[in-house]
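Q: Please find one structure pasted underneath; my questions will follow.
The values are calculated or read from the model by the stated rules, or taken from the named source; none is laboratory data. Please read all numbers here as calculations on a predicted model, not as lab measurements. Cβ: placed from backbone, ideal geometry, glycine included. Neighbour counts: every protein chain shown. Note: areas computed on protein heavy atoms with side chains; ligands, DNA, RNA excluded. Shrake-Rupley method; radii C 1.70, N 1.55, O 1.52, S 1.80 Å.
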Amino acid sequence: MQASTYGALKGSIGFGVQNQTRVSGFGELRNRTSTVSRNLCVIDRSTCCGGLCLSSAAMGAKLAGLRTGFDGISMSTLKARSVQARASDGDLENLVPSKPQGKSSGTVLPFVGVACLGAILFGYHLGVVNGALEYLSKDLGIAENAVLQGWVVSALLAGATVGSFTGGALADKFGRTRTFQLDVIPLAIGAFLCATSQSVQTMIVGRLLAGVGIGITSAIVPLYISEISPTEIRGALGSVNQLFICIGILGALVAGLPLAANPLWWRTMFGVAIVPSVLLALGMAASPESPRWLFQQGKISEAEKAIKTLYGKERVSEVMHDLTSATQGSVEPEAGWFDLFSSRYWKVVSVGAALFLFQQLAGINAVVYYSTSVFRSAGITSDVAASALVGAANVFGTAVASSLMDRQGRKSLLLISFGGMAASMLLLSLSFTWKVLAPYSGPLAVAGTVLYVLSFSLGAGPVPALLLPEIFASRIRAKAVSLSLGMHWISNFVIGLYFLSFVTKFGISSVYLGFAGVCLLAVLYISGNVVETKGRSLEEIERALSVST
């Protein structure tokens with residue numbers, strides 16, 4: 001959850017592919033015969049223009065199920081067919097899905113797990129203030145100062161905005177794993193300052209530093225996972241990022257349970273975050289660098305070594321061929337920030353920015369940050385426990401989404417998700433205004449919030465962070481992800497700072513009704529602009545989307 005925390009190109013490309021093919025382990029269609037007939041035609045078309053661990057057995061079972069589904073696909077000769085895709089001005093929904101090869105001797109799961117320590121920290125720092133705010137406010141003498149309380153909440157988001165724009169440049173310059181290690185510095189120092197603060201100024205500085213850390217994390221965790229994941233399970237592994245963000249938030253909510261008996265427990269809550277920060281640094285020291293980044297840097301032997309570790313030695317030549325094919329004939333350098341706003345890239349970059357804008361303006365952070373206060377106003381006595389229920393619902397929904405991501409597809413999950421969120425917010429709004437529902441306002445507030453979080457976790461939460469690295473070309477990927485996440489953090493910051501003020505001025509019902517309207521607008525936008533990428537390798541997607549540029 002962002003908070004999440006917890007992506008429109010138009011045109012049509014026809015691919016005519018003849019002859020027998022086999023599919024590489026990385027999801028690319030590869031020719032087996034010497035003669036290939038491939039016709040590309042571009043037809044212009046006018047349109048309107050992201051604590052609890054999954055057991056290895058459970059994750060293995062899930063991925064095994066995914067592999068079984070793919071292995072059942074016949075590997076016989078593909079008959080000549082025309083495959084339609086929208087590139088640059090359209091989508092890839094009708095591209096023939098690639099099929100994976102057999103077993104490999106490499107393994108990617110441990111390294112995805114290490115990266116997900118960053119996702120846990122992301123969620124934990126976002127959620128920890130929920131239960132702790134009341135107690136730290138008393139301890140630091142700001143119990144009667146709503147403005148300073150708002151800054152304690154939102155300082156994290158201001159720092160995250162800076163970190164998200166920094167993360168892409170760092171990842172391009174130093175590599176993905178080294179950036180993770182550098183990121184631990186603000187994460188650990190920020191947590192320490194928060195835990196030991198004796199003044200609100202120190203607390204705000206600590207939250208700012210922790211925010212810079214999670215801003216960088218928000219950019220590089222999905223980037224790294226997407227670049228090291230095999231195509232056939234990239235959706236499942238990409239959604240694991242969101243799952244562990246949810247676990248981090250849930251962990252923060254559960255960590256607040258002892259507060260009633262021990263008002264100083266809030267310091268321990270902040271200090272605990274130092275442990276996964278150190279583990280992240282140590283884990284990344286033993287993790288392979290992204291083969292794509294190494295290849296782009298001309299470090300061919302190191303890229304081959306990383307591929308061997310991730311996928312097995314039997315797939316090195318295949319993946320290297322994929323990487324070579326994706327960049328064949330291209331001598332372009334890494335893109336600069338201004339390149340993102342060029343006519344070549346802006347349409348697809350704007351999709352990423354819009355998805356994160358909708359994600360935040362749909363109200364998720366208001367639910368995460370202030371669920372305790374909302375439940376209390378609705379008459380729920382055990383407000384911390386109710387908020388923990390919200391966190392559990394988020395974890396459950398994201399786990400379901402991870403199992404559907406490579407079967408149902410990214411776009412359909414987004415549509416279902418925002419539709420469900422609109423209905424949930426409408427229910428919440430009515431529960432606070434209809435007098436006939438007044439006796440049930442408490443249970444309805446909990447039910448509507450849980451339904452909203454479940455809907456969010458099915459698509460709006462996990463899909464944007466997964467989809468963006470898939471649709472962005474390799475030369476702009478890191479910076480474009482950072483730009484999109486910058487939009488996320490800016491809108492996140494504004495909501496965190498002004499939500500309570502809007503509630504005070506307009507009422508919670510009106511605010512929730514506004515969130516419902518945003519969700520409906522998101523459904524309309526996604527229907528016309530978001531591409532479907534399931535079953536395609538990053539290289540295939542990049543080639544398809546770049547044909548008309």
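Q: SER290's amide H: which non-local residues (gap 5+, or another chain) put their own amide H closer than 5 Å, with H modeled 1.01 Å from N in plane and none for Pro or chain starts?
A: ARG176, THR177
Q: While we're looking at this one, here's another question. Take peptides 123-131, 174-182 and line them up by average Cβ neighbours within 10 Å, highest first, as a rough protection proxy.
A: 123-131, 174-182
Q: Next question. Order these peptides, 462-473, 111-122, by their mean beta-carbon neighbour count within 10 angstrom, highest first. The partial results should precede the final answer.
A: Numbers: 462-473: 28.7, 111-122: 26.4.
Listed from highest to lowest mean packing, they are 462-473, 111-122.
Q: Using a 1.4 angstrom probe and counting only protein chains, how large is the accessible area of TRP293 in Å², to 10?
A: Its accessible surface works out to 10 Å², give or take rounding.
Q: Eigenvalues of the Cα gyration tensor times 5, then square-rooted: what semi-axes does that give for segment 436-530, in whole angstrom, largest first?
A: One finds semi-axes of 32, 17, 12 Å for segment 436-530.
Q: Can you tell me the order of 476-487, 312-323, 254-265, 199-210 when each peptide is scored by its average per-residue count of other Cβ atoms within 10 angstrom, highest first? If you can, show how the numbers build up before the last one.
A: On the way: 476-487: 26.6, 312-323: 18.7, 254-265: 15.5, 199-210: 20.8.
Ranked from most to least packed, the peptides come out as 476-487, 199-210, 312-323, 254-265.
Q: Also, quick follow-up: What number comes out for the charge environment of LEU500, summing +1 per Lys or Arg and -1 per Asp or Glu over other residues with Cβ under 15 Å away?
A: Counting the neighbours of LEU500, the net charge comes to 0.
Q: Can I ask one more? ALA261 to ILE185: extension gain in nm, 0.36 nm per residue of separation minus the Cα-Cα distance?
A: Working: separation 76, 0.36 × 76 = 27.36 nm, distance 3.25 nm.
Stretched fully, the ALA261-ILE185 segment lengthens by 24.1 nm.
Q: Additional query: For segment 304-318, in order, what is each residue's ³J(HN,Hα) by Karplus, 6.51 cos²θ - 1.76 cosθ + 1.60 with θ = phi - 60°, in whole Hz (x at glycine and Pro)?
A: So the J values, rounded to whole Hz, are 4, 5, 5, 4, 4, 5, 7, 10, x, 5, 6, 10, 4, 5, 5.
Q: Can I ask one more? What do you get when you divide the Cα radius of gyration of segment 385-479 by 2.2 N^0.38 Å, with N the number of residues?
A: Expressed relative to 2.2 N^0.38 Å, the Cα Rg reads 1.31.
Q: In whole angstrom, how far apart do the alpha carbon centroids of segment 257-280 and segment 429-497 sit?
A: Each part's Cα centre sits 26 Å from the other's.
Q: Separate question: Could you give me the ³J(HN,Hα) list for segment 248-255, computed from phi with Karplus coefficients 6.51, -1.76, 1.60 and θ = phi - 60°, whole Hz, x at Gly and Pro?
A: Calculated HN-Hα couplings, in order: x, 5, 4, x, 5, 5, 5, 4 Hz.
Q: Calculate the FRET efficiency for ALA286 and SER527 from the Cβ-Cβ distance with a Förster distance of 41 Å, rounded to the nearest 0.05.
A: It comes to 0.40.
Q: Please report the spacing between the Cα centers of segment 177-223 and segment 103-156 in Å, no decimals.
A: The distance from the Cα centre of segment 177-223 to that of segment 103-156 comes to 9 Å.
Q: May I ask you to evaluate 6.51 cos²θ - 1.76 cosθ + 1.60, the Karplus curve with θ = phi - 60°, for each residue of segment 170-186 and list the ³J(HN,Hα) values in order in whole Hz, giving x for glycine and proline?
A: 5, 5, 6, 7, 9, x, 6, 5, 5, 5, 4, 5, 5, 5, 5, 4, x
Q: If you don't mind, there's one more thing I want to ask. Which length gain, in nm to one decimal place, applies between GLN297 and THR196 when the Cα-Cα distance is subtracted from 0.36 nm times their residue separation?
A: 32.1 nm
Q: Also, I was wondering about something else. Which percent of Cα-Cα pairs in segment 126-278 sits in each 5 Å bin, short to long?
A: Binned Cα distances yield the sequence 2, 10, 17, 20, 19, 13, 9, 5, 3, 1, 0.
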